[in-house]
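What follows is one structure encoded as structure tokens, with my remarks underneath.
The values are calculated or read from the model by the stated rules, or taken from the named source; none is laboratory data. Owing to the predicted nature of the structure, the values given are computational and were not obtained by experimental measurement. Quick reminder, even Gly has a Cβ in these numbers, built from the backbone with ideal geometry, and neighbours come from all protein chains shown. These accessible areas exclude ligands, DNA and RNA; they are computed on the full protein's heavy atoms, side chains included. Shrake-Rupley method; radii C 1.70, N 1.55, O 1.52, S 1.80 Å.
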Amino acid sequence: MSASMFVCFRDGGGEVLQRPDYLADFSRVYESDIHLLAKLERGQTFQEPGTPSWEAFASGDWVEALRLIEDDRETVAAYFRDASQRGLTFRRLRIVEYPVTPYLQWEMNVLRLRSELGEEIRVLDAGTISDLERDEHVPEVVILGSSVMYAVIYDDDLKGAGARRFTDPDQVRTTTREFEALYAQGEEFSEFFEREIAPLEPPALTRPPTAAEGGAS
């Protein structure tokens, strides 16, 4: 595996968008004629205030967190049905460290629902990309079609703060190829979930995680 992957993200390049502008730009491109939405996720701990299931998880109510995830089934199903009618493929690669963090245990239950309803998800052990991460973690990347990609930015509290936007066609093509190369090495989500997540006891978490407890780089 080449240590030179994802080079364009390492020099602070890209147009910095604050969160409202990032979300607006994402929505605009998403609604255009694209056929791929690919995500590379690396951080092991984030905060997602405003997400009911995460709020329940962060307060220590694991049963309620799982119930709220399941309550979203029809909404998520409709989202993926619409995407399928448009010919849009969702593909996600989730990098995982061990032991699995409480946040990741929660997120994997969210991803299980999405996997069941149409998202193509694979999981990759962080140890397999150590050569890529000798200096820093691989970026949190979102690729929309062939024209736009983002490196997601998080604040000190591990909340989404915006993104760096890249539109150079060569950079987008190169990053898409690099993403697909890593994705091909990943394990199918359902196999990973049944082996590593399903047997876990409810996470022992009674308050939201903080930056001091780990998170994305």
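Summary of values
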| quantity | calculated |
| --- | --- |
| Set ALA126, ALA78, ALA65: member being over 22 Å from MET5 (Cβ atoms), of a type in the set (Gly, Ala, Ser) and open to solvent by less than 30 Å² (accessible area, probe 1.4 Å) | ALA65 |
| Residue within the range 34-43 that is free of Cβ contacts under 8 Å to residues at least 40 places away in the same chain, crowded, with 18+ Cβ neighbours inside 10 Å and in contact with an Asp or Glu (Cβ under 8 Å, 6 or more places away or on another chain) present | no |
| Close pairs from the range 7-20: first free of Cβ contacts under 8 Å to residues at least 60 places away in the same chain, partner open to solvent by 40 Å² or more (accessible area, probe 1.4 Å) and not in a strand (DSSP E or B), Cβ under 7 Å, at least 6 apart | none |
| Test: residue in the range 124-143 that is under 14 Å from ILE197 (Cβ atoms) and out of contact with any strand residue (DSSP E or B) (no Cβ under 9 Å at 6 or more places or on another chain) | no |
| Residues of the range 147-169 that turn out to be at pLDDT below 95, surrounded by fewer than 19 Cβ atoms within 10 Å (Cβ to Cβ) and in a loop (DSSP other than H, G, I, E, B), as a count | 5 |
| Sole residue being modelled with pLDDT under 95, more than 19 Å from the chain's Cα centre (by Cα) and open to solvent by 20 Å² or more (accessible area, probe 1.4 Å), chosen from GLY60, GLY12 | GLY12 |
| ARG28 without any contact (Cβ under 8 Å) to a residue 40 or more places away in the chain and open to solvent by 80 Å² or more (accessible area, probe 1.4 Å) | yes |
| Residue ID - most open to solvent (accessible area, probe 1.4 Å), chosen from residues in the range 129-146 that are assigned to a loop (DSSP other than H, G, I, E, B) and farther than 16 Å from TYR30 by Cα | ARG134 |
| Residues that are polar (S, T, N, Q), farther than 19 Å from ILE143 by Cα and modelled with pLDDT of 95 or more, drawn from the range 170-217 | SER190 |
| Residue check for LEU36: under 28 Å from GLN185 (Cα atoms) and aliphatic (A, V, I, L, M) | yes |
